[in-house]
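I have placed the structure first, in the form of structure tokens, so that the comments after it can refer back to it.
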Amino acid sequence: MLSEQELQRRESLKKLIELGINPYPADEYPVTHHATDILQHFSDDQPQEFASVSLAGRIMSKRLMGKAAFFDLKDATGKIQIYFQRDQICPTDDKTLYNEVVKKHIDIGDFIGIKGYVFRTQMGELTVHVHTFTFLSKALRPLPIVKVDAQGQVHDAFTDPEQRYRMRYVDLVVNPHVKDIFIKRTRIIQAMREYFNSFGYLEVETPILQPIPGGATARPFITHHNALDIPLYLRIANELYLKRLIVGGFEGVYEFAKNFRNEGMDRTHNPEFTGMEIYVAYKDYHWMMQFTENLLEHVTKAINNGSTQVLFGKHTIDFKAPYPRITMYEAIRRYTGIDISGMDEDQLRQTCHQLHIDVTPEMGKAKLIDAIFGEKCEPHFIQPTFIIDYPIEMSPLCKKHRHDPQLTERFELIVNGKEIANAYSELNDPLDQRQRFEEQLRLSQRGDDEAMFIDHDFLRALEYGMPPTAGLGIGIDRLTMLLTGQTSIQEVLFFPQMKPEQFTTAPKTDTWAHAGIPAEWIPLAQEAFGSLDTMRSLKPTQVHQQLNGLRKKKKLTIPALQLSEVEAWFTQN
RNA sequence: GACUCGGUAGCUCAGCAGGUAGAGCACAACACUUUUAAUGUUGGGGUCCUGGGUUCGAGCCCCAGCCGAGUCACCA
């Protein structure tokens with residue numbers, strides 16, 4: 001089963017142990033420097049500043065030169081070359097440590113710690129001359145070997161997406177640019193948090209397991225709580241809980257929330273994703289637009305050395321505030337020449353036909369308008385643009401427009417043809433909110449299984465009074481894609497969802513279970529006999545005694561076996 | 001869900017009329033005291049995704065399935 005190289009590494013492991021070297025020591029390894037500290041701060045005039053350094057990391061390449069050897073050591077900050085000299089490592093006649101351990105048993109992928117001094121080789125490369133080294137962890141599997149030549153050309157890159165996503169740990173080790181994306185992702189979140197905190201808004205946590213999945217239109221995951229004996233849903237959004245907190249008197253609350261939606265997966269959808277939502281009392285959507293453009297300017301500067309420009313594909317996108325505002329009807333008029341503002345459902349349906357947009361009978365006004373906008377307008381907005389004033393049917397949680405009851409005070413921020421943020425003057429009129437929910441209920445009876453449930457507790461909260469509030473939601477994964485130039489969501493999630501892998505070498509506990517052996521005895525039987533066949537080659541009385549013996553030895557509380565039970569294991573298949 | 005493409009050594013890939021599987025890197029052995037995609041010589045390494053079928057013979061052709069990628073549909 002094991003490959004040749006895996007067997008060789010296991011052999012190396014044995015040899016190390018025979019030589020008295022612990023391949024997996026428990027001791028702390030004190031590190032004084034990281035690779036980039038040395039590369040950035042070493043000066044040829046002042047080599048004594050790096051006369052004694054200690055580093056730890058993974059071996060990434062080996063170049064053996066007889067009595068000298070050059071390896072690359074990679075730590076969290078980068079790679080540095082290290083140099084072993086035989087007679088330095090082995091001052092006496094016994095050259096084993098160099099000839100055997102350094103040359104043969106340190107493999108690419110192993111973690112070692114080194115102590116030595118920094119110098120520059122004849123080739124001009126900064127290098128750590130190793131005095132002593134310590135095994136920190138032996139790698140039993142070979143890493144993919146990715147080489148970069150003098151021209152910066154990458155050879156034999158580890159590129160298969162399936163393997164990269166399934167074994168992200170390997171991807172991160174051998175593809176340094178992958179790590180950069182995730183570091184940027186974290187910085188984006190940090191910059192947002194800084195910005196919100198600078199206003200004094202409070203970061204909060206709200207339930208993931210919800211009895212009613214509210215705040216968005218999406219199919220939820222469902223699970224079951226045993227003690228309460230009720231179904232619970234994994235949240236599709238946290239909106240309704242954050243608004244309850246505004247009712248409770250907080251002036252600004254926000255949460256970075258994992259949301260879950262039981263829908264299709266593709267390069268822009270993962271079943272779990274991160275949404276940031278923020279709610280601020282006494283504000284409206286105009287205020288929120290300014291807040292949003294300033295936020296994004298702040299974030300792009302924070303991750304971009306102060307620049308607001310981001311290169312995405314062939315577009316340079318500039319996040320410098322302010323961004324243009326255009327109403328939804330205007331946008332549709334601009335790109336289709338059609339004014340849909342007064343249309344009813346039938347007229348909209350006709351307009352869709354006229355524009356060659358596919359529609360289904362379940363689609364109400366909201367979905368029809370959304371289809372026209374999504375199809376004909378959205379792709380045209382490359383630079384950040386606020387689309388404002390959405391039709392009322394599309395936005396059941398949004399306040400009616402102050403000048404036009406057919407519209408709502410809502411905006412979406414479109415960048416590179418995609419929605420990146422969604423915000424409202426939040427609906428705080430409890431009677432209006434109840435009507436909107438009921439409208440949604442009618443939609444769901446029509447067959448739209450994504451229409452919202454009615455959340456009576458949320459309505460009760462509104463009846464106690466919610467101040468006027470502006471709310472904003474931003475998809476963190478998609479924002480990260482945009483700001484890191486990635487076209488697929490899998491590239492900005494450490495562990496994107498995939499079909500489970502089939503392991504051919506999976507432990508075969510089921511063969512024991514098949515033979516009728518109770519689950520609590522299987523580990524003991526495996527320990528005592530290894531395989532089912534071995535066990536069956538013995539007499540039932542022997543098996544009975546050995547297993548009960550093990551039980552006693554391990555002081556287990558499971559009931560002792562009866563001989564009759566054990567005998568039954570020998571007859572079943 | 002539909003269509004297209006892919007799955008061969010640890011990694012990246014090649015393979016042909018259907019005739020016992022190939023390269024580079026990696027690995028092993030030897031040489032080499034400053035190399036850098038180190039080099040030279042020699043060598044080992046394969047369930048060609050799985051299961052059926054056609055055939056004297058299948059990595060290759062046919063059927064079914066699994067996994068992934070892309071496009072579309074659905075979906076925020």
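The values are calculated or read from the model by the stated rules, or taken from the named source; none is laboratory data. Keep in mind that this is a model prediction, so the values were computed, not measured. Ideal geometry is used to build each Cβ from the backbone, glycine not excepted, and the neighbour counts take in all protein chains shown. Accessible surface areas use protein heavy atoms only, side chains included; no ligands, DNA or RNA. Shrake-Rupley method; radii C 1.70, N 1.55, O 1.52, S 1.80 Å.
In the distance distribution for the stretch A:4-145, Cα-Cα pairs more than 22 Å apart total 37 percent. Partner lysines whose Cα lies under 20 Å from the Cα of A:K243, excluding those fewer than 8 positions away in the same chain, are identified as A:K258, A:K283, A:K399, A:K400. Its relative contact order, with pairs defined as Cα atoms under 8 Å and 6+ residues apart, puts chain A at 10 percent.
Computed from label points 7 Å out along Cα-Cβ, the spacing between A:N226 and A:H353 is 5.6 nm. Counting only residues at least eight positions apart within a chain, or on another chain, the aspartates and glutamates with an alpha carbon under 14 Å from that of A:K103 are A:D72, A:D87. Taking label positions 7 Å along the Cα-Cβ direction at both A:L2 and A:Q435, the computed distance is 7.4 nm, reported to one decimal.
Restriction of the trypsin sites (Lys or Arg not before Pro) in the stretch A:218-317 to DSSP coil positions whose beta-carbon has at most 10 other beta-carbons within 10 angstrom yields A:K314. Which shape class, rounded, prolate or oblate, goes with chain A when its Cα gyration tensor gives a ≥ b ≥ c as root eigenvalues, a/c under 1.5 marks rounded, and past that a/b bigger than b/c marks prolate? Here chain A falls in the oblate category.
Carbon and sulfur together cover what percent of the accessible area of the stretch A:4-145 at a 1.4 Å probe radius?
The nonpolar share, carbon plus sulfur, comes to 51 percent.
If packing is taken as the average number of other Cβ atoms within 10 Å across a peptide's residues, how do A:465-473, A:17-25 rank, most packed first?
Result, highest mean first: A:465-473, A:17-25.
In the full protein context, the stretch A:98-149 carries 46 Å² of accessible surface per residue, based on a 1.4 Å probe and ignoring ligands, DNA and RNA.
If you filter the stretch A:190-219 for GluC sites (Glu not before Pro), then keep DSSP loop positions with at most 15 other Cβ within 10 Å, what is left?
Those satisfying the criteria are A:E205.
Is the shape of the stretch A:356-467 best called rounded, prolate or oblate, per the rule: a/c under 1.5 gives rounded, else a/b larger than b/c gives prolate, else oblate, with a ≥ b ≥ c the square roots of the Cα gyration tensor eigenvalues?
Because a/c hits 1.5 or more and a/b fails to exceed b/c, the stretch A:356-467 counts as oblate.
For the stretch A:267-341, carbon and sulfur atoms together expose 46% of the accessible surface, with a 1.4 angstrom probe and every protein chain in place. Excluding residues on the same chain fewer than 8 positions from A:K314, give the lysines whose Cα lies under 29 Å from its Cα. Cross-link targets: A:K147, A:K179, A:K184, A:K301, A:K376, A:K418. Placing +1 on each Lys and Arg Cβ and -1 on each Asp and Glu Cβ, with no other charges, gives chain A a dipole about its Cα centre of roughly 1800 debye.
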